[in-house]
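Colleague: I'd like to ask some things about the structure below.
The values are calculated or read from the model by the stated rules, or taken from the named source; none is laboratory data. Since the structure is predicted, the reported quantities are computational estimates derived from the model, not experimental observations. Positions of Cβ are generated from backbone atoms using ideal geometry, with glycine treated the same way; all protein chains shown enter the neighbour counts. For the accessible areas, the whole protein counts, side chains as well, though only heavy atoms, and no ligand, DNA or RNA atoms are used. Shrake-Rupley method; radii C 1.70, N 1.55, O 1.52, S 1.80 Å.
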Amino acid sequence: MTTTTQSPQAAPDSGTPSRAARLLADRRLPVAATALLFLAMYGVGLSRYQFYGFAEPQVFLNLFIDNGYLLVAAVGVTFVILSGGIDLSVGSMIGFTTMFTAWLVERQGLPLALVIPLALAVGAFGGFLMGYVIHNFEIQPFIVTLAGLFLFRGLCLVISKESISISDSGVSSMAQAQVSLGMGFLSIGAVVSLVVLAVAFYVLHYTRFGRRVYAIGGNEQSALLMGLPQGGTKIAVYTVSGFCSALAGLLFTLYIQSGDPLHATGMELDAIAAVVIGGTLLTGGSGYVLGTLFGVLVLGLIKSLIQFEGTLSSWWTKIATGVLLCAFILIQRFMTTRKKA
């Protein structure tokens, strides 16, 4: 008599990650979370302030007009953070560019067409020097860029201790120029910021330089063993950040139409916050420049909601930014822990 033994039911493959685990490991998750947060906040604004004109398309376009300079600065910071570094000189570079531009245009009488490339060259050279020191002297980026922060803020005061108003007709015409979109308009600064965003997206995702930035930020030792030009890439990302900071300073000059030694004080923190809220890891190697866009839009939308509310202090912008920053850092920490597990 033969007996048949029933084969036990095959256990599920424990090595196959669950759907939830795959979702948490997806690098696009932080960007999606930021985009959903923006849509949720915008929906709250539509429902709460529907009788105050919040639904007007121009209110949405104003987010780009009022934050174009911040978007350009944050794009430059994205390159640096993706490479595993940090740049604290952004705000002072923006402030210096406003003073430098105002001084050359108003006090020296130079044409704006000559001042713009000069300002961009100074910003890129400043970023190059910081990147050179960081790489060749192996000093922490925090220290070098902090020195850059004090240097450029001090140079603002060397130029002038007082604000310099710009009365040049060329600056006024550029500041007041509008690009019609049918449903509304964008300023020149907003258009330039979107062009910079598009160029940065292409460079990071479709060029060798972009792949090197991600590789060095992900694992510097592995990138070195692969023969990637680590030093050149590091210097280049700080040069890009300096260039973007100077360009942001020019856009801020158009927005304010003046130069002041205290302009953009602390804006480096706003730029870093936008990058982190946009899903870029502070440790480097992971993130998207489109996430930076949503991070800037979230910060700009917070200001708009506070303005429409009318009863809240502007300091609530800083409070909300701090809460969001802590929340996204915790999310990043949870995701990286799950990946290592």
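Colleague: Just grab the label-to-label distance for ALA147 and VAL179, each label 7 Å out from Cα along the Cβ direction, in nm (one decimal).
Modeller: The modelled label-to-label distance comes out at 3.9 nm.
Colleague: Give me the percent relative contact order of the chain, please, defined on Cα pairs under 8 angstrom at least 6 residues apart. Please list the in-between numbers first.
Modeller: Details: 536 pairs, mean separation 112.0, N = 341.
Rounded, it is 33 percent for the chain.
Colleague: What percentage of the solvent-accessible surface of the chain, computed with a 1.4 Å probe over protein heavy atoms, is contributed by carbon and sulfur atoms? Please report the intermediate quantities before stating the final value.
Modeller: On the way: 11240 of 17300 Å².
Heavy-atom surface of the chain belonging to carbon and sulfur, 1.4 Å probe: 65 percent.
Colleague: Let me check against my output: what whole-number percent is the relative contact order of the stretch 158-234, with C-alpha pairs under 8 Å and at least 6 apart? All intermediate terms of the calculation are to be shown ahead of the outcome.
Modeller: On the way: 39 pairs, mean separation 10.7, N = 77.
Value for the stretch 158-234: 14 percent.
Colleague: Please find the FRET efficiency linking GLU162 to LEU312, where r is the Cβ-Cβ separation and R0 is fixed at 35 Å, and quote it to the nearest 0.05. All intermediate terms of the calculation are to be shown ahead of the outcome.
Modeller: On the way: r = 32 Å, r/R0 = 0.93.
So, using R0 = 35 Å, E works out to roughly 0.60.
Colleague: In addition: Show me the GluC sites (Glu not before Pro) within the stretch 83-169 that DSSP assigns to loop and that have at most 12 other Cβ atoms within 10 Å of their Cβ.
Modeller: On the way: sites: GLU106, GLU138, GLU162; in loops: GLU138, GLU162.
Answer in residue order: GLU138, GLU162.
Colleague: While we're looking at this one, here's another question. Quick one: dipole size for the chain, taken about the Cα centre, charges +1 on Lys/Arg Cβ and -1 on Asp/Glu Cβ, in debye to the nearest 20.
Modeller: 960
Colleague: Turning to a different aspect of this structure: With axes computed from alpha carbons, what is the tilt in degrees of helix 208-218 against the longest principal axis of the chain, rounded to the nearest 10 within 0 to 90?
Modeller: Helix 208-218 sits roughly 60 degrees off the main axis of the chain.
Colleague: Ok, one more. Under 18 Å from a point 7 Å along the Cα-to-Cβ line of GLN58: which residues of the stretch 170-185 have their amide N that close?
Modeller: Flagged as within label range: 175-185.
Colleague: Related question: Suppose only helical runs count, i.e. DSSP H with n ≥ 4. What mean residue ellipticity at 222 nm does that imply for the chain under -39500 (n - 2.57) per run, divided by all residues and rounded to the nearest 500 deg cm²/dmol?
Modeller: -23500 deg cm²/dmol
Colleague: Okay, next question. Determine, from the Cβ-Cβ distance of VAL191 and ALA121 and an R0 of 22 Å, the FRET efficiency 1/(1 + (r/R0)^6), rounded to the nearest 0.05. Could you put the intermediate results ahead of the total?
Modeller: On the way: r = 22 Å, r/R0 = 1.01.
Step by step, r from the Cβ atoms, then E = 0.50.
Colleague: Once you have a ≥ b ≥ c as the square roots of the Cα gyration tensor eigenvalues for the stretch 98-195, tell me rounded if a/c is under 1.5, and otherwise prolate or oblate according to whether a/b is larger than b/c. Please report the intermediate quantities before stating the final value.
Modeller: Values: a/c = 2.66, a/b = 1.54, b/c = 1.73.
Oblate, because a/c is 1.5 or more while a/b does not exceed b/c.
Colleague: What is the Cα centroid distance between the stretch 163-242 and the stretch 56-89, reported in whole angstrom?
Modeller: Answer, in whole Å: 9.
Colleague: In the stretch 121-160, which chymotrypsin sites (Phe, Trp or Tyr not before Pro) fall in coil by DSSP and have 10 or fewer other Cβ atoms within 10 Å? Don't jump to the answer; show the numbers that get you there.
Modeller: Numbers: sites: PHE125, PHE128, TYR132, PHE137, PHE142, PHE150, PHE152; in loops: PHE137.
In loop regions of the stretch 121-160 (DSSP not H, G, I, E or B), the sparsely surrounded chymotrypsin sites (Phe, Trp or Tyr not before Pro) are PHE137.
Colleague: Determine the per residue accessible area of the chain with all protein chains present and a 1.4 angstrom probe, expressed in square angstrom. Intermediate values should be presented prior to the final figure.
Modeller: On the way: 17300 Å² over 341 residues.
Computed with neighbouring chains in place, this is 51 Å² per residue.
Colleague: Ordered by packing density, taken as the mean number of other Cβ atoms within 10 Å over each peptide's residues, highest first, how do 65-71, 85-91, 190-196 rank? Display every interim value, and only then the final one.
Modeller: On the way: 65-71: 24.7, 85-91: 26.4, 190-196: 19.7.
Peptide ranking by packing, descending: 85-91, 65-71, 190-196.
Colleague: Just to be sure I understand, if you calculate Rg and Dmax of the Cα atoms in Å for this structure, which of (i) 20.9, 74; (ii) 20.2, 64; (iii) 23.1, 109 do you get?
Modeller: Answer label, from the structure shown: (iii).
Colleague: Here's something else I'd like to know. Straight-line reach from LYS318: which aspartates and glutamates fall under 14 Å, measuring Cα to Cα and dropping same-chain residues less than 8 apart?
Modeller: Result set, ordered by chain and number: GLU268, ASP270.
Colleague: Over the stretch 130-274, what relative contact order in percent results from Cα pairs under 8 Å that are six or more residues apart? Each step should come with its number before you reach the end.
Modeller: Details: 96 pairs, mean separation 51.6, N = 145.
Once normalised by length, the contact order is 36 percent.
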